[in-house]
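Encoded as structure tokens, the structure appears first; notes follow it.
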Amino acid sequence: MKNIKILGVPMELGAGRRGADMGPAAIRHADLVNRLEAMGKIVEDRGNIHVPVGIIRPTKTCAVVKKS
């Protein structure tokens with residue numbers, strides 16, 4: 001049996017909508033670790049990795065304002 005490791009990556013760049021960075025918290029709130037362990041899996045939650053704040057690129061939901 002293979003072990004399962006959970007690693008959160010809280011970022012929303014390129015997602016097209018706000019809130020995608022909350023995915024890892026939602027998975028933990030849904031009690032994924034205990035559900036998998038109840039299925040007989042060996043699970044290790046490694047937490048979230050640090051995602052540095054980078055250059056924000058415009059997406060479909062982000063308006064771009066040009067200086068005239």
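Each reported figure results from applying straightforward, stated rules to the coordinates on display, with no laboratory input. None of the values given here were measured: they were computed from a predicted structure.
Things worth noting here:
- For Val43, the residues 5 or more places off, or on other chains, whose built amide H falls under 5 Å of its own are Ile4.
- You can think of it this way: the chain between Ala38 and Lys2 has 11.5 nm of extra reach, that is 0.36 nm per residue less the Cα-Cα gap.
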